[in-house]
Each structure stands twice: as structure tokens, then as C-alpha cells.
Amino acid sequence: MTSSELLDYCMGKPGAEQSTQNQLGANQIKVGGVMFAMFCDCQGHEAVSLKTSTGMAGKLRAEHTCILPGKNLNKAHWNTVVLDGTLPDSQFYSLIDSSYQTVVSGLEEHLRQEIGN
């Protein structure tokens, strides 16, 4: 899985918008103005940071060596996944879907209606 394939998948989500206006210089993907994915460099490797529940964050890190605490983010709610080829593609899609849904579910009702969720 490449970062461009993951970016395309993220941008296919209803209401997804891309932003690079941040102090980290990372590529942020937002819905309703709230970030659900961030493409960045992690120790010289391409990576994507995704939002997750507190309980799931630690579980994923324990199960996969390519999943690390969120780089430059709240480590209780964010994981950074290094694109090293060890995580199955289906898992990436699942993690992106979960991150997106987590953010959308926290949006105000009028914003959810605007994006069609």
C-alpha cells in the first residue's frame, strides 16, 4: 500500500478535504474541519496517522510493530502507521474507515447532514 493510494482512499470519503497549512508540514485530511488522517514522515519512512479509540490504540500497537503512538499527536487517540509493507491492505482500509467514522460521529448534526452522514 502506498501513501498515494491511501490518500486517494481518504479523499474518496464524503466531505474529505486536504490541507497542508500546519506547522508540521504534513498533509492533513479533514472532514467538517476536523482531521481524520495525516500523512507524514516517520523515521525516514512514509506513514499515516489515524484517529482511534483509547482502548484500540494500545491494542493495535501491541499487535503490529508498524503501528506506533501518534507522532506529534495525542498518543491516547492517534496511531501512526508506518508504510513498511507489513500491514495488510484490508487493515489500512479498516483503520481509515474507523478514523473517519470516529471524527464524523463527533461532528455537530448540521455538519453531518451537510456531508451526507
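The values are calculated or read from the model by the stated rules, or taken from the named source; none is laboratory data. All of these numbers come straight from a predicted model, not from anything done at the bench. Neighbour counts run over all protein chains shown; Cβ positions are idealised from the backbone, glycine included. The area values use the complete protein model at the heavy-atom level, side chains included, leaving out ligands, DNA and RNA. Shrake-Rupley method; radii C 1.70, N 1.55, O 1.52, S 1.80 Å.
Select from the stretch 14-43 the residues that are on the phi > 0 side of the Ramachandran plot and at pLDDT below 85 and list them in ascending order. Don't jump to the end; show me each part of the working.
Looking only at the stretch 14-43, we keep the residues that are on the phi > 0 side of the Ramachandran plot, and these are 15, 25, 32-33, 43.
Those that are on the phi > 0 side of the Ramachandran plot and at pLDDT below 85: 25, 43.
Only residues that are in contact with a strand residue (DSSP E or B) (Cβ under 6 Å, 6 or more places away or on another chain) and either touching a residue at least 60 places away in the same chain (Cβ under 8 Å) or hydrophobic (A, V, I, L, M, F, W, C) (or both): list them for the stretch 77-103, please.
Result: 78, 81, 82, 83, 95, 99, 100, 102, 103.
Could you list, in sequence order, the residues of the stretch 44-57 that are over 24 Å from residue 14 (Cα atoms) and at pLDDT 90 or above?
At the first step, the residues of the stretch 44-57 found to be over 24 Å from residue 14 (Cα atoms) are 44-46, 54-57.
Scanning the stretch 44-57 gives 46, 56, 57.
Take residues that are open to solvent by less than 40 Å² (accessible area, probe 1.4 Å) and tell me which of the strands (runs of 3 or more DSSP E) falling wholly in the stretch 34-93 contain 2 or more. So that I can check it myself, show each step before the final result.
Working: elements: 34-42, 45-51, 67-69, 78-82.
Hits in the stretch 34-93: 34-42, 45-51, 78-82.
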